[in-house]
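Data block below; observations after.
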Amino acid sequence: MKGFRFVQDIPAATYQGAFVLVRLDLNVPMDCVRITDDTRILAAIPTIQYLIDRACRVVVISHLGQPKGVDHALSLAPVAERLSVLLKKKVVFASDCLGVETKNKVEALQAGEVILLENLRFYSHEVNNDLGFSEQLSQYGQFFVQDAFGTLHRAHASTVGIPHFLPAAVGFLVQKEIQALKHICEQPKRPFVGIIGGSKISSKIGILRHLLGKVDTLVIGGGMAFTFFKAQGYEIGCSLCEVDKVDEAKKFLEEAAHCATKVLFPSDHVVADSVEAKEGFRVVATDAIGPQDIGVDIGPHTVACIANVLSLAKTVIWNGPLGIFENPFFAKGTLAVAQVMAGLDATTVVGGGDSVAALNQAGLSARVTHISTGGGASLAFLEGKELPGLVALEQDNG
């Protein structure tokens, strides 16, 4: 972590009364206007509270979803309300992240007060990494604190641009994430098991290849498993399949065959006629999937196999659900694996929205070593890729 300035490295006297611009990842799952999982908000509290306790004027910026212009369904207003509850103090909300009204609200902040600005992605300048937009945002602060781990793999205006204009520091969450993931990469206790789920090979093939030769056992599940089955000539019915990735799946299987890592695929599946089904589903073996079947979850034999592998593990990383987690009838496999992981005497790291949601739903979050708030960022870090948001801080503070 050499080359970074941390939020606690700045003297308290320097913070006193200062405007501190804080980039957080408050991209939480929403059910209409209700927050369904506040894990990311909770993870941001230590840094905000630290700044409040040092009499800073805290200006929080974040994004929510992927809006194309202003979309009131993706407003951060409900997040401001939740922040107020968790901080036990009123968080001011600005209905825009730019403009005179927002500027006036920021300038009216007293020491120890907090304001949350509206969704950065209402402006296309954010994802286009517009340096002018970065400069406009930087005018709200005297210091910049980067604590949005889940965005560090994106070269956006609020992640790589603002450090050009303000002295920057790393917040507690980013510091904790990097330390946990770096430990996994450099000093894993063995046996080391990786569990990678999710729907698409296209978003996970990089980490799958990277883990070959690094983990002792690699468990591949979720919808993307069916593209691998297609590559092996199995009937997969109407299950999810990235046809244009079948050749890539074949190449991976060839690499895996000549690697010390044992690759474990599901041996049985819950199948249904529809991903919305509430009844009529059944369990079949991989070689017994019918032409009209849709694979929706791992079966009990697969759960038992995974549990057996995990029982010996000393380090585990898990990213992505093992079934169609959105339907509670097809979340049983994912929840069963979560139960097993929670009981391990091992270092366990979980990342990815649905994997984390499974732990929260089962009330098991406290029994996992580390829960990563950034699925894509954690995968990129584990692959050994440079994270643009971190590089920007290194260049500024190194």
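Structural remarks
- Here HIS258 and GLN179 are evaluated by their C-beta separation; at R0 = 35 Å the FRET efficiency comes out at 0.55.
- Rounded tilt (10° steps) of 77-87 against the dominant C-alpha axis of the chain: 80
- Built amide H within the under 5 Å cut-off of VAL22, gap 5+: VAL59, VAL60, ILE61, VAL145
- For a straight C-alpha distance cut-off of 13 angstrom, the aspartates and glutamates reachable from LYS90 (same-chain residues fewer than eight places away being disregarded) are GLU81, GLU113.
- Placing dummy labels 7 Å off each Cα toward the beta-carbon, the span from ALA77 to VAL243 is 4.5 nm.
- DSSP finds beta bridges in segment 1-150, and of those with both partners inside it, around 10 percent are antiparallel.
- Estimated FRET transfer efficiency when R0 is 22 angstrom, pair SER124-SER203 (beta carbons, to 0.05): 0.40
- Within the accessible area of segment 11-155 (1.4 Å probe), percent carbon and sulfur: 51
- Inter-label distance, GLU135 to ALA285: 6.8 nm, where each label sits 7 Å from its Cα along the C-beta direction.
- Using a cutoff of 8 angstrom between alpha carbon atoms and counting only pairs six or more residues apart, the relative contact order for the chain works out to 16 percent.
- The chain: angle of helix 39-53 to the longest principal axis, Cα-based, in degrees nearest 10: 20
- Correct option for percent of Cα pairs over 30 Å apart [calculated from the coordinates] among (1) 38; (2) 60; (3) 44: (3)
- Table column - 3J(HN,Hα) (Hz), segment 244-256, Karplus curve with 6.51, -1.76, 1.60, x for Gly and Pro: 6, 10, 4, 5, 5, 5, 4, 4, 4, 4, 5, 4, 5
- Distance (nanometres) between label positions extended 7 Å along Cα→Cβ at LYS251 and SER84: 5.3
- In segment 302-395, GluC sites (Glu not before Pro) in a DSSP loop with at most 12 other beta-carbon atoms within 10 Å: GLU326, GLU386
- The local environment of ALA55, defined by Cβ-Cβ distances under 14 Å, has a net charge of +1 under the rule Lys, Arg +1 and Asp, Glu -1.
- Pairs exceeding 32 Å between alpha-carbon atoms, taken from LYS68/LYS251; LYS204/LYS278; LYS189/LYS251; LYS176/LYS314; LYS68/LYS245; LYS182/LYS245: LYS68/LYS251.
- Segment 252-334 - percent of accessible surface contributed by carbon and sulfur, probe 1.4 Å: 59
- Under Karplus coefficients 6.51, -1.76 and 1.60, residue-wise ³J(HN,Hα) of segment 283-293 in Hz, glycine/proline x: 9, 9, 6, 4, 8, 10, 6, x, x, 9, 6
- Per residue solvent-accessible surface (Å²) - segment 136-223, probe of 1.4 Å: 33
- Secondary-structure-derived ellipticity at 222 nm for the chain, considering helices only, amounts to -10000 deg cm²/dmol, per-run term -39500 (n - 2.57) for DSSP H runs with n ≥ 4.
- Under 5 Å between amide hydrogens, built in the peptide plane, is the criterion, and for THR347 it picks out THR315, VAL316 among residues at least 5 positions away or on other chains.
- Using alpha-carbon coordinates, inclination of helix 388-397 to the longest axis of the chain, degrees: 40
- Sites matching trypsin sites (Lys or Arg not before Pro) across segment 49-129 that sit in DSSP coil, with at most 11 neighbouring C-beta atoms within 10 Å: LYS68, LYS88
- 5 angstrom amide H check on LEU76, placed H, neighbours 5+ away: ASN119
- Qualifying GluC sites (Glu not before Pro) for segment 215-288 [loop in DSSP, other Cβ within 10 Å: at most 14]: GLU235, GLU276, GLU279
- Computed with a 1.4 Å probe over protein heavy atoms only, the accessible surface of segment 348-398 comes to 37 Å² per residue.
- Using a probe of 1.4 Å, the accessible surface attributed to HIS210 totals some 50 Å² when neighbouring protein chains are kept in position.
- Cα-based Rg / Dmax (Å) for segment 1-133: 14.9, 43
- For segment 298-314, the Karplus equation 6.51 cos²θ - 1.76 cosθ + 1.60, evaluated at θ = phi - 60°, returns couplings of 6, x, x, 5, 5, 4, 5, 5, 5, 4, 5, 5, 5, 4, 9, 6, 10 Hz by residue, with Gly and Pro reported as x.
- Per residue, the accessible area of segment 38-135 comes to 45 Å² when a 1.4 Å probe rolls over the protein heavy atoms.
- Alpha-carbon centroids, segment 163-184 and segment 274-339: separation in whole Å: 35
- When both bridge partners sit in the chain, DSSP labels roughly 20% of those beta bridges antiparallel.
- Whole-Å distance, taken between Cα centres, linking segment 247-262 and segment 1-66: 42
The values are calculated or read from the model by the stated rules, or taken from the named source; none is laboratory data. This is a predicted model, so every value here is computed, not measured. Glycine gets a Cβ as well: all are built from the backbone with ideal geometry, and neighbour counts include every protein chain shown. Side chains are part of the model used for accessible areas, which takes the heavy atoms of the whole protein and leaves out ligands, DNA and RNA. Shrake-Rupley method; radii C 1.70, N 1.55, O 1.52, S 1.80 Å.
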